[in-house]
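The values are calculated or read from the model by the stated rules, or taken from the named source; none is laboratory data. Everything numeric in this text was worked out from a predicted model, so none of it was measured. Every residue, glycine as well, gets a Cβ built from its backbone with ideal geometry; the counts of neighbours run over all protein chains shown.
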Amino acid sequence: MTLSAKPVISSKLPDIGTTIFTVMSKLALEHHALNLSQGFPNFDVAPELTSLLDKYTRKGFNQYAPMTGVQVLREALSEKTSALYGVNYDPETEITVTSGATEALFAAISAVVSPGDEVIIFDPAYDSYAPAIRLNGGIPVYVTLTPPDYTIDWQEVKGKISDKTRMIIINTPHNPTGTVLSSEDLNQLAALVRDTDIFVLGDEVYEHIIFDGLPHHSLLTHPELKERSFICGSFGKTFHITGWKIGYCLAPKDLSVEFRKVHQYLTFSTFTPAQYALAEYLKTPENYLSIPAFYESKRDQFLSAIAGSRFNFKPSQGSFFQNVSYEALTDENDFDLAVRLTKEIGVASIPVSVFYHQKNDFKILRFCFAKDRETLEKAGEKLSKL
């Protein structure tokens, strides 16, 4: 019998391979290196939170949660948002719990982006944005930010807006640069989208990981922007439980209706006992109000550990990450240097060029400081010998 030819996949993402985070983490494992590449903590979760997870698992909360998320968690998020920002979201119609913030980002993009629509992204950007846009037939339009300040030129943004622009993606605190937006940035953005059909997607997963007394200027604090924004958050980042994959989306009712239509066919519902655990954990505001100081101390530990090195840096304003310039060390491209440092000195990082769509190499590496003190000190010692 003659076998018929196999079907051939016509890839929707032909130029996408394995993410740099997987590549560098695998390399770190192979070479027994300290992994300061991928953005996950290497220390324990608060015992109170794991106890709550155990409590609700044992109480039998182990079946499907409602598609929108368990009511007590949506109510807790509503109360938290009101207390922090003086802004109200209806837990029934405007708050949706998702399986991580990445799912929330994908659902928001899918809800409003159609074939031929343009979406403005600020480069360097988290690597899930462009693939999600392309999978929905959209066209990424890039605005390039440059070191050391990575400030947004709003006149350039204005020049990128066309009659095809459907969405602008904002990330603050920003990954991978560690910068935060100001209230003036929000005003400039609002002026650009006023009287248009442009939606705004806010990636605010590092909402509580912000330093030096800087405020978090969330999109929801600007009335004009709030009405056209999907705002995505992450308990995984806030409470260092990245493996739980619990995120959420805040959006006005009409936006949430379309968001939920997509969400229900992506994951439908999210890890049930963890939702109940988080709802109870949020009842104590100090559990999230203490997060900025906690991570600021880790940033400072890392900066102190590399203070004697030949790296140049501006202290990160927020996120898990510190960028450093190695121009004083070598002319190597950043990818080659990141690989070499992993193999030769045993410290893994991320080359920042991978976050640019044109792979712009500004001789900068990104290190994750969401690690325990011993790891940060050892990494600093190794890096300072270069």
Quiz item: List pairs: first in the range 1-18 and surrounded by 10 or more Cβ atoms within 10 Å (Cβ to Cβ), second modelled with pLDDT of 90 or more, Cβ under 8 Å, 6+ apart or cross-chain?
Solution: K12/R134; K12/L135; L13/P131; L13/R134; L13/L135; I16/P131
Quiz item: Can you name every residue in the range 342-368 that is over 13 Å from I20 (Cα atoms), assigned to a helix (DSSP H, G or I) and touching a residue at least 12 places away in the same chain (Cβ under 8 Å)?
Solution: T342, K343
Quiz item: Pairs under 9 Å by beta carbon, first residue small (G, A, S) in the range 286-309, partner surrounded by fewer than 17 Cβ atoms within 10 Å (Cβ to Cβ) and not in a loop (DSSP other than H, G, I, E, B), six or more apart or different chains?
Solution: S304/E377; A305/E377; A305/K378; A305/E381; A305/S384; A307/S384; G308/S384; S309/S384
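Can you pull out every residue in the range 180-220 that is assigned to a loop (DSSP other than H, G, I, E, B) and either among the acidic types (D, E) or in the same structural domain as N323 (by TED's automatic domain parsing) (or both)?
D195, D197, E204, E207, D212
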Quiz item: So which of T165, T93, T179, T102 is polar (S, T, N, Q) and either touching a helix residue (DSSP H, G or I) at 6+ places or on another chain (Cβ under 7 Å) or surrounded by fewer than 19 Cβ atoms within 10 Å (Cβ to Cβ) (or both)?
Solution: T93
Quiz item: Quick check, is F362 closer than 19 Å to S25 by Cα and not charged (D, E, K, R)?
Solution: no
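Would you point out which residue out of I198, I210 is buried (at least 22 other Cβ atoms within 10 Å of the Cβ) and either among the charged types (D, E, K, R) or at pLDDT 95 or above (or both)?
I210
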Exercise. Return the only residue of A348, A338 being in contact with a His (Cβ under 9 Å, 6 or more places away or on another chain) and within 26 Å of F43 (Cα to Cα).
Key: A348
Practice problem: State which residue is nearest to the chain's Cα centre (by Cα) when the search covers only the range 49-93 and only residues that are of a type in the set (K, R) and farther than 12 Å from L250 by Cβ. | Solution: K55
Practice problem: Within the range 256-278, track down each residue that is surrounded by 21 or more Cβ atoms within 10 Å (Cβ to Cβ) and more than 30 Å from S51 (Cβ to Cβ). | Solution: S256, F259
Exercise. Please state which of the following conditions K359 fails to meet, knowing it meets all the rest: (1) more than 20 Å from the chain's Cα centre (by Cα); (2) exposed (fewer than 14 other Cβ atoms within 10 Å of the Cβ).
Key: (1)
Quiz item: Do you know which residues across the range 19-46 are farther than 20 Å from F302 by Cβ and free of Cβ contacts under 8 Å to residues at least 60 places away in the same chain?
Solution: T22, V23, K26, L29, E30
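Do you know which residues across the range 1-55 are among the charged types (D, E, K, R) and over 30 Å from L383 (Cα atoms)?
K6, K12, D15, E48, D54, K55
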Quiz item: For V339, are the conditions met, namely being part of a helix (DSSP H, G or I) and of a type in the set (V, I, T)?
Solution: yes
